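The values are calculated or read from the model by the stated rules, or taken from the named source; none is laboratory data. For clarity, every value in this text was computed on a predicted model and none was experimentally measured. Cβ atoms come from the backbone with ideal geometry, glycine included; neighbour counts cover every protein chain shown. Accessible surface areas use protein heavy atoms only, side chains included; no ligands, DNA or RNA. Shrake-Rupley method; radii C 1.70, N 1.55, O 1.52, S 1.80 Å.
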Amino acid sequence: MSLPGALWLLGHPVQHSLSPKFQDAALRAAGIPLEYTALDVPPDALQSVLEQVRARHAAGNVTVPHKEAAFQACDSTTEIAARIEAVNAFKVEDGRLLGHNTDVAGVDHAVRALVGDPTGLTIALLGAGGAAAAVLAAAESWDADIRMRSRTPERARALAQRVAGVAEVVRRVADALEDADLVINATPIGMTSNAFPCPLDSIPTGAAVLDLVYRPNETRWVREARARGHRAADGMGMLIEQGALAFEWWFGVEPDREVMRMAVR
Ligand code: NAP
């Protein structure tokens, strides 16, 4: 297998991303002589950077806000990327830009690690952006009852139509939380502050709590949910898994996930 000419993360902003830390650790552990570099790419520069990707036979990841634009720019994509019209991993083969999405399998992994088999669960999903789209695509194989609530209801309705038949859109957070077995935060609330996506006393007793946001030492929402007796996890498990699956797609070998986890701990 020939190695990519470079390994890049394209996002805006990207300086706080943890991906270079754990991808570089995995590259060293696998003996692959590449470095994973985060590039800050403003939206108006994405197309020219993708031309450099093609020219240099680069591979890598795409993050906020470029996942949908990168999907549009690819010459072809995997089925799962087409399902949610978003790409978070790319590579070049025979001069063609190929796109993939590993967020869907990443969130599936995180949910199963927290609650086991999600079949039959009632799930409150807060948010209706890219992360929520990954949850809905994963949920197509769960047979779960999902109630999605977003600050902007039209966005939730549009997403529920795009990944059809998986989620019901509700107006209030309380409607989503009623009788929920699992509460998923797919908003950025808690990323840069200690704010909560929903009050902890509104979460049913016994419900599990999954925050897709990740921070060093977890989010306060996750820590306090656990202190109240809820099973709870932050987005680190999803982050590592989506990165590990991208690594495998680029290089055809599985990375050492424990090395990746240690690198961000
Ligand atoms: P996004 O596409 O921008 O969508 C964000 C969603 O949250 C939208 O529904 C938005 O509503 C809502 N929202 C934003 N600010 C809010 C606020 N202050 N109050 C209520 N709702 C608010 O973002 P995304 O890509 O889905 O990412 C969401 C979070 O998931 C980010 O923190 C990201 O880091 C995390 N994430 C984690 C992983 C992982 O691997 N763990 C992977 C992907 C994403 P409006 O439409 O009203 O703005």
Accessible area of K21 in the full protein assembly, 1.4 Å probe (Å², nearest 10): 120
Percent RCO, i.e. relative contact order, over segment 1-128, from Cα pairs under 8 Å lying at least 6 residues apart: 22
Selected from G99, G130, G120 as most flexible by GNM, with the chain as the system and alpha-carbon contacts under 10 Å: G120
The chain, relative contact order in percent, only Cα pairs under 8 angstrom and at least six apart counted: 18
E140 versus D256: modelled label distance in nm, points set 7 Å from Cα along the beta carbon direction: 3.6
With all protein chains modelled, accessible area of L177 [1.4 Å, Å²]: 10
C-alpha long axis of helix 236-251 to longest principal axis of the chain, angle in °: 30
Inverse of mean 1/r across different Cα pairs in the chain, Kirkwood, Å: 18.8
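Under a Cβ-Cβ cut-off of 14 Å, what is the net charge of the residues other than R147 that fall near it, where Lys and Arg count +1 and Asp and Glu count -1?
On the way: positive: R149, R157, R171, R172; negative: D145, E168, D175, E178, D179, D181.
With Lys, Arg at +1 and Asp, Glu at -1, the neighbours total -2.
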With Cα atoms, 0 to 90° folded angle of helix 130-139 axis to the chain main axis: 70
Cut-off 11 Å between beta-carbons: net charge of the residues surrounding M262, Lys and Arg +1, Asp and Glu -1: +2
Per-residue [θ]222 nm for the chain (sum of -39500 (n - 2.57) over DSSP H runs n ≥ 4, rounded to 500): -11500 deg cm²/dmol
Label point distance in nm, Q47-R223, each placed 7 Å from Cα along Cα→Cβ: 4.6
DSSP beta bridge pairing in segment 79-224, given as percent antiparallel to the nearest 5: 25
